[in-house]
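Undergrad: Dumping the structure here so I can ask a few things about it.
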Amino acid sequence: MSCSAQTSCVQKQDQQQDQQVYTSVKDYYGKVLQTTNDLKTSACTGSSKPHPIVCRLLRTLPQAVTDKFYGCGNPLPLGIAGKDVLDLGSGSGRDCYVAAALVGPQGSVTGVDMTDEQLQTARKNIDAFGQTLGYQPNLKFLTGYIEALEDAGVANESKDICISNCVVNLSPNKPQVLAGVYTALRSGGEFHFSDMYSDRTVPKSVRQHEELHGEGLTGALFANEFERIVKKIGFASPRVLSIRHISIFDEQFKQLVGDTNYFSITYRLFKVSSAISEADCTAMYLGTVEGHEERYLLDIDNSFDTNAPKRVSANTATILKESWLAKYFVVESTVDNNSDSQMIAEKRTPTECLMKSALQAECSSSAPNSCSK
């Protein structure tokens, strides 16, 4: 067999395997699961109580939309009025509906999903939600695969924010998904999303289990591997916003996963230039994000009190100065050539430490960069 024939054979086999994954996911979320009560893990039941503003909006959504929600977190940033938002694997549209209210009449929200049953629910409730809002939202749902956003109708560099809720783990080609998001975002854009991760490489016995795949366990990326991938694509250093351990209810599932632990993590990935400044920088939050008037949490390690200048690393300064958050902060260089001032180091608790903390509370708050064994 020639080299080209071998390559073609491998590609065909990969395509067949991908199609099997798509079919399995479509069946599970379109036919097997009818409501969240059918789930066998706590993965798709939300990581924590959403912000009060989001809670209020959730109470206005059509029941059919919320009944078929299978997300694992709350990837809905505030302060996004007028922004163009993309939701990967939008499902019944719950997060899209909330985002549509948050962006207002001047913004837009686009959901992409491959499951017909979910898309039907999402589309048929738009008009009713418009009556609740008092205006027709710029909200639409595209049929397509999250690995091929441009084919689905998402133009390059057309979105300010991309969200996703426990969907990337279901993809057979996660690097392609993440690279597609990077391409779809404008400069300064953010991928703000919740998904499932493991504290080690998922064993083969788990990866081959179809029902476990539907629950997201087979496709959960080893967190360290995920962070390597996104840095290679070009995103700034990943920021963890929240993390929680995922419980498994089914006894058979528990036996299959063994010692592997799973976590719901909300990450923030920013499309900004590489931080090259050697200056000592300060950032001051203006308190102008509705719902975060007193304090803004950039990530689990970086919070900003209103009108209180704070020294930040070059990476954090770049994010706050170049991203969509820029209008909410004042970032200044404070280097003094006559002083011994040095650039502050990046403050970031290792993800493996956060996982241990979420699982066993083993990370000491007084030593955030080390984990007890």
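Undergrad: I'd like the full set of residues that are crowded, with 17+ Cβ neighbours inside 10 Å, in a loop (DSSP other than H, G, I, E, B) and not β-branched (Val, Ile, Thr), limited to the range 159-178.
TA: Those that are crowded, with 17+ Cβ neighbours inside 10 Å, in a loop (DSSP other than H, G, I, E, B) and not β-branched (Val, Ile, Thr): Cys166, Ser171, Pro172.
Undergrad: Here's a follow-up. Return a yes/no flag: does the range 96-114 have any residue that is open to solvent by 40 Å² or more (accessible area, probe 1.4 Å) and at pLDDT 95 or above.
TA: yes
Undergrad: Among the residues of the range 122-146, how many are in a loop (DSSP other than H, G, I, E, B), closer than 28 Å to Ala220 by Cα and open to solvent by 20 Å² or more (accessible area, probe 1.4 Å)?
TA: 1
Undergrad: List the pairs whose first member sits in the range 148-164 and is polar (S, T, N, Q), whose second member is in a strand (DSSP E or B) and open to solvent by 20 Å² or more (accessible area, probe 1.4 Å), and whose Cβ atoms are under 8 Å apart, counting only residues at least 6 apart or on separate chains?
TA: Short answer, once both residue conditions are applied: Ser158/Asp84; Ser158/Arg186.
Undergrad: Which of (1) at pLDDT 80 or above; (2) more than 22 Å from Met355 (Cα to Cα); (3) outside any strand (DSSP E or B) does Glu211 not meet, given it meets every other one?
TA: Tallying (1) at pLDDT 80 or above; (2) more than 22 Å from Met355 (Cα to Cα); (3) outside any strand (DSSP E or B), Glu211 fails exactly one: (1).
Undergrad: Just name the residue that is farthest from Ile246 (Cα to Cα) out of those in the range 50-105 that are part of a strand (DSSP E or B) and aliphatic (A, V, I, L, M).
TA: The extreme case among them is Val85.
Undergrad: Taking the range 147-158 as the region of interest, how many residues are more than 20 Å from the chain's Cα centre (by Cα) and not in a loop (DSSP other than H, G, I, E, B)?
TA: The qualifying residues number 1.
Undergrad: Farther than 20 Å from Val240 by Cα and without any contact (Cβ under 8 Å) to a residue 12 or more places away in the chain: does that describe Lys204?
TA: For Lys204, the condition - farther than 20 Å from Val240 by Cα and without any contact (Cβ under 8 Å) to a residue 12 or more places away in the chain - is met.
The values are calculated or read from the model by the stated rules, or taken from the named source; none is laboratory data. Small disclaimer: the values here were computed from a predicted structure and weren't measured. Virtual Cβ from ideal backbone geometry, glycine too; neighbours counted across all protein chains shown. Only protein heavy atoms, including side chains, enter the accessible area calculation; ligands, DNA and RNA are left aside. Shrake-Rupley method; radii C 1.70, N 1.55, O 1.52, S 1.80 Å.
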